[in-house]
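The values are calculated or read from the model by the stated rules, or taken from the named source; none is laboratory data. All values derive from a computational prediction rather than experimental measurement. A quick note on method: Cβ atoms are made from the backbone with ideal geometry, for glycine too, and the neighbour counts reach across all protein chains shown. Surface areas here come from the heavy atoms of the whole protein model, side chains and all, with no ligands, DNA or RNA. Shrake-Rupley method; radii C 1.70, N 1.55, O 1.52, S 1.80 Å.
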Amino acid sequence: MNQSKVIGSILGLAIGDALGVPVEFTSRETLRRFPVVDMRAFGVHHQPRGTWSDDSSMAFCILASLIEKRTVDLNDIAQKFCLWYTESYMTPHGQVFDIGNTTLHTISNLLRGTPPENSGDTDEDANGNGSLMRTLPLVFALNNKTIEERFDIVAAVSKITHAHIRSVVSCFYYIEFALQLLKGKDKFLIYNELQNSISDFLKTKNISEKEINLFKRLLKQDISKCEESEIRSSGYVLHTLEASIWCLLTSNNYAETTLKAVNLGSDTDTTGTVAGGLAGILYGEEGIQADWKEYLVKSAEIRSWAEQLFEIYGKRDPSV
């Protein structure tokens, strides 16, 4: 496994998040007139430049658990989510300033003693992007697993908060894309190969055809041919996944990918996080602007966490 890709993924998601935080909820029309072109300070959440949100905090909870437990430990991940909410664990400035409704509801379940296997919201309306935004660190613990094992683990972690199959499949697709990027494959080749491998795999699961068909733009069409007007960037999990893949496929470097994601508007921090994590793998640590890495709050600590991930998981499978 390439160390630069591992470090790039973790820095990449947090920087994409930080680029989006100041303009979260801003419309696409406004951002066309006043686009994000660099790391901004303050804005919507009144945070200093380089501040990341709940997206990165929850990803770092998973990352910390992977480092401490050296495996995917559902109970430990859930406990760290609770620590984040109640004690501001893994926050940039010692406070939680953003949290989604589904995540808030399900963490409340965990705090009341509900086990993580049963804490998540199964309602179709609870398909925000709260599990997708945090899922990337899992890829490093899954690189020597079968596709069935990968699906089961990704599903279990998503279901701590977002237990509907749509959120599960979105996280699974994202992890499968990230895994192939870690192997150094071309992004368009990955996109085409996943149309077959994921489609074939989902047919083996007890998932309705109607549900699978919601992913048709990723699994049956060429989303890179879509115009920007056809790409939505709300907090709905499928919008975030589609927007992130579209940004990756239609850009040529890390900055272009993340800025394009943020300037789609609406849920800017999460689209930036999800697209930025993939772009960080694709272009590596060296592909991320030095000043953005410098501005990122707790940048040295985040890089250290990524290095620890590499030391623990990077050499388990030499093919990755």
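A few points about this structure:
- Index of the failed condition, G284 passing every other in (1) at negative phi; (2) at pLDDT 95 or above; (3) surrounded by fewer than 23 Cβ atoms within 10 Å (Cβ to Cβ): (1)
- When residues of the stretch 126-165 are limited to those that are among the polar types (S, T, N, Q) and without any contact (Cβ under 8 Å) to a residue 60 or more places away in the chain, the one most open to solvent (accessible area, probe 1.4 Å): T146
- Boolean, T273 is within 30 Å of D125 (Cβ to Cβ) and either open to solvent by less than 50 Å² (accessible area, probe 1.4 Å) or in contact with a Leu (Cβ under 7 Å, 6 or more places away or on another chain) (or both): yes
- Checked against the criterion of being crowded, with 18+ Cβ neighbours inside 10 Å, under 19 Å from T258 (Cα atoms) and aliphatic (A, V, I, L, M), the candidates M90, M39 yield just one match: M39.
- Residue list for the stretch 94-132, restricted to those being closer than 21 Å to A18 by Cβ and in a loop (DSSP other than H, G, I, E, B): G94, Q95, V96, F97, D98, I99, G100, N129, G130, S131
- D186 being at pLDDT 95 or above, surrounded by fewer than 24 Cβ atoms within 10 Å (Cβ to Cβ) and farther than 19 Å from G20 by Cα: yes
- Where helices (runs of 4 or more DSSP H) sit wholly within the stretch 240-320, those with at least 1 residues that are under 16 Å from the mean Cα position of the chain (by Cα) occupy 254-262, 268-283, 299-313.
- Flag for S229 being out of contact with any Phe, Trp or Tyr (no Cβ under 6 Å at 6 or more places or on another chain), surrounded by fewer than 14 Cβ atoms within 10 Å (Cβ to Cβ), closer than 27 Å to S53 by Cβ and free of Cβ contacts under 8 Å to residues at least 12 places away in the same chain: yes
- Each residue in the stretch 250-266 was checked for being open to solvent by 10 Å² or more (accessible area, probe 1.4 Å) and hydrophobic (A, V, I, L, M, F, W, C), and 2 of them qualify.
- When we screen L13, L31 for residues that are farther than 21 Å from S304 by Cβ, surrounded by 16 or more Cβ atoms within 10 Å (Cβ to Cβ) and of a type in the set (A, V, I, L, M, F, W, C), the only hit is L31.
- Considered as a group, the residues in the stretch 47-82 that are over 22 Å from V297 (Cα atoms) and among the basic types (K, R) include one that is surrounded by the most Cβ atoms within 10 Å (Cβ to Cβ), and that residue is K69.
- Qualifying residues in the stretch 101-125 (those that are polar (S, T, N, Q) and either buried (at least 18 other Cβ atoms within 10 Å of the Cβ) or touching a residue at least 60 places away in the same chain (Cβ under 8 Å) (or both)) - the one farthest from T161 (Cα to Cα): N109
- Which numbered condition F81 misses (of (1) within 23 Å of D152 (Cβ to Cβ); (2) free of Cβ contacts under 8 Å to residues at least 60 places away in the same chain; (3) aromatic (F, W, Y)): (2)
- Among the residues making up the stretch 42-78, a single one is under 17 Å from T102 (Cβ atoms) and in a loop (DSSP other than H, G, I, E, B): S53.
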